[in-house]
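Colleague: Questions regarding the structure given below will be posed in turn.
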Amino acid sequence: MQVRQVRCVRDLSGQDDPEVVNGTHCPLPIPEVYVPCPIQICTTEWILGNYSECSTTCGTGTQNRTVICMSTVINGHRYLVSPSACTYPAPETMRKCHVADCPHQGRVISIESENSVNIQLRKSKKLKVVIGGEVKLIPGTTLIVQCPVKNYPKKLVYWSAGYRLIPLIGRVKSTIGGLKIMNADPDRDSGLYTCTAGDKRANIIVSFLREDDPQWSQYKSWTQHSRSPNKKSKENESTDPKLLSYEGELQKDPSDPSDPLTYMLGLWSQCTAVCGSSGEITRNVTCSRMSPKMVTLVPEEECQKAGLVKPETTSLCGQNCATWHHGQWSECQAKCGQYGVKTRALTCAWEAGEAVSTSACPADSKPASFKKCRSPACTKNCVDKSKRCGFARTIKVCRYLYFRQLCCASCMNDTSSWKKYKTRRKEK
């Protein structure tokens, strides 16, 4: 568009600066202020910036530059236009660069981690493990986690816990030898730790054993079999080599340093059968490596490679039935002519007859152990004085005082008449 200024002026001859007046004084129409100008055919080209410095100081890196599409010179100016206005593809904005070879250039970096679970068996000042899997600690132990790397400088390896880098000093610190946690505390030190070497990473989970852990008794039972054979003591000499686990079932002696692999057997579960049927019991069978301080749960393949035969993990079982058994009723515990209770003994026993706890028998089928009763009528000073007293209840004369005194024993057995008599006496 082309633009010009349009004003309404008073024409005063001889004056260089005419007087501007209101537009209503000038005749219509008002001349055009904006008019289109001829379209100019624009040509474009890619403008290339300079490459940046290499992103690395050694090895292979990258360099970047700016690439924009601009018009050619028009009236002494260039204009930024859309990249789609440039007719040919844009040049590259990034290229590889190489300043110098790194010390480990050409060699593959690797971290030799272990996929295992390490369980501390007894209290000790220091415990050393290799990164990978999980370690279960006794609180207060100093833990050292090694991170063996290949083709990478050890001093460049760093450790982190979550997104937090571990410093080189302090109670929890990163050292050339690995990660060190002194006096490990469950509240502060539980979690995931990561070892990083170049572009390689390996993790280990640190957790703690608790006294209320159901497996704690199982772990403690292993401590008697984790003693070093090189240390002679009376306790070692008296240990029975056959008692090698909490169930007495290890395939090999863990004190043998030449072959520490063995199968660790868990406790059998409860039988799945119900009363009078068959079911099965199960247990955990774990390939393990024993040491004086800890047991390491390793993948099943290691025991298979060593030629060990895996014990059974399931077995058939049956469930015997327990039923209620009761004795004879006792005598009625009440005075003559009064109401009381009778009792009898109850026992819960297996079908074989062995007595067991009452919890083994079903509560909904438990028989009564007592019931209401009435003792025989009192006979002292209460006898029939007539031979015809046997008809007293039949003809219903026990309600009269004369017949009650005449036929005391017979009227005592007439429950309905006797109750009516007692009721009347209370009312009187």
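Colleague: Please work out how much length the chain gains when fully extended from S13 to Y400, using 0.36 nm per residue of separation minus the C-alpha to C-alpha distance, in nm with one decimal.
Modeller: On the way: separation 387, 0.36 × 387 = 139.32 nm, distance 15.98 nm.
Result: 123.3 nm gained on full extension.
Colleague: Given K136/K310; K125/K293; K126/K200; K136/K200; K342/K366, which pairs have Cα atoms separated by over 20 Å?
Modeller: Long pairs (Cα-Cα over 20 Å): K136/K310; K126/K200; K136/K200.
Colleague: Find the eigenvalues of the gyration tensor of the Cα atoms of segment 154-204, then list the square roots of 5 times those eigenvalues as equivalent ellipsoid semi-axes, largest first, in whole angstrom.
Modeller: Rounded to whole Å, the semi-axes are 18, 13, 8.
Colleague: Moving on to the next point. May I ask you to rank F391, F403 by accessible area, largest first, using a 1.4 Å probe over the protein chains only?
Modeller: In descending accessible area the options line up as F391, F403.
Colleague: For S277 and K335, FRET efficiency with R0 = 51 Å and r from the beta-carbon atoms, rounded to 0.05?
Modeller: Calculated transfer efficiency: 0.50.
Colleague: Rg and Dmax of segment 104-163, Cα atoms, in Å?
Modeller: 14.1, 45
Colleague: Within segment 136-150, which residues have the backbone N less than 12 Å from the label spot 7 Å out from K123 along Cα→beta-carbon, could you tell me?
Modeller: Residues 138-141 fall inside that zone.
Colleague: Next question. At R0 = 60 Å, how high is the FRET efficiency between N75 and Y163 if r is their beta carbon distance? Nearest 0.05 is fine.
Modeller: Calculated transfer efficiency: 0.60.
Colleague: Quick check: with the 1.4 Å probe, what order do L121, L156 take by accessible area, largest first?
Modeller: The ranking, largest first, comes out as L156, L121.
Colleague: Taking 1 over the mean of 1/r across every pair of different Cα atoms in segment 8-76, what Kirkwood radius in Å do you get? Spell out each step's value before the answer.
Modeller: Numbers: mean 1/r = 0.0523 Å⁻¹.
Mean inverse Cα-Cα distance, inverted, gives 19.1 Å.
Colleague: Can you give the local net charge around A197? Use residues other than it whose beta-carbon is closer than 10 angstrom to its beta-carbon, Lys and Arg +1, Asp and Glu -1.
Modeller: +3
Colleague: A further question on this structure: Which ³J(HN,Hα) values, rounded to whole Hz and listed in residue order, are derived for segment 128-134 from phi using the Karplus coefficients 6.51, -1.76 and 1.60 in 6.51 cos²θ - 1.76 cosθ + 1.60 with θ = phi - 60°, glycine and proline given as x?
Modeller: 10, 9, 9, 4, x, x, 8
Colleague: Another question about this same structure. At R0 = 60 Å, how high is the FRET efficiency between A345 and S207 if r is their beta carbon distance? Nearest 0.05 is fine.
Modeller: For R0 = 60 Å, the calculated efficiency reads 0.70.
Colleague: Bin all alpha-carbon pair distances of segment 11-148 at 10 Å intervals from 0 and give each bin's fraction as a whole percent.
Modeller: Using 10 Å bins, I get a P(r) of 8, 15, 11, 12, 13, 11, 9, 7, 5, 5, 4, 1 for segment 11-148.
Colleague: With point charges of +1 on the Cβ of Lys and Arg and -1 on the Cβ of Asp and Glu, referenced to the Cα centre of segment 271-403, which listed residue (Q328, L401, C275) lies farthest in the positive direction of the dipole?
Modeller: So the residue we want is L401.
Colleague: What does the accessible area per residue of segment 47-100 come to in Å², with a 1.4 Å probe and no ligands, DNA or RNA counted?
Modeller: 71 Å²
Colleague: Mind checking the full-extension length gain between M94 and Q328? Use 0.36 nm per residue of separation minus the Cα-Cα distance, one decimal, nm.
Modeller: Stretched fully, the M94-Q328 segment lengthens by 74.1 nm.
Colleague: What figure in square angstrom, to the nearest 10, would you give for the accessible area of C86 with a 1.4 Å probe?
Modeller: 10 Å²
Colleague: Moving on. Excluding ligands, DNA and RNA, what is the solvent-accessible area per residue of segment 269-411 at a probe of 1.4 Å, expressed in Å²?
Modeller: On the way: 9720 Å² over 143 residues.
Averaged over the residues of segment 269-411, the accessible area is 68 Å².
Colleague: Next question. Using only protein heavy atoms and a 1.4 Å probe, report how much of V99 is accessible, in Å² to the nearest 10.
Modeller: Here the accessible area works out near 90 Å².
Colleague: Might you work out the accessible area of V309 for me, using a 1.4 Å probe with all protein chains in place, and round it to the nearest 10 Å²?
Modeller: Roughly 100 Å² of V309 is accessible to a 1.4 Å probe.
Colleague: List the equivalent ellipsoid semi-axes of segment 41-89 in whole Å, largest first, each obtained as the square root of 5λ for an eigenvalue λ of the Cα gyration tensor.
Modeller: Numbers: eigenvalues 197, 26, 7 Å².
Square roots of five times the eigenvalues give 31, 11, 6 Å.
The values are calculated or read from the model by the stated rules, or taken from the named source; none is laboratory data. Small disclaimer: the values here were computed from a predicted structure and weren't measured. Cβ sites come from the backbone with ideal geometry, for glycine too, and all protein chains shown count toward neighbours. Side chains included, ligands, DNA and RNA excluded: accessible areas come from the protein's heavy atoms. Shrake-Rupley method; radii C 1.70, N 1.55, O 1.52, S 1.80 Å.
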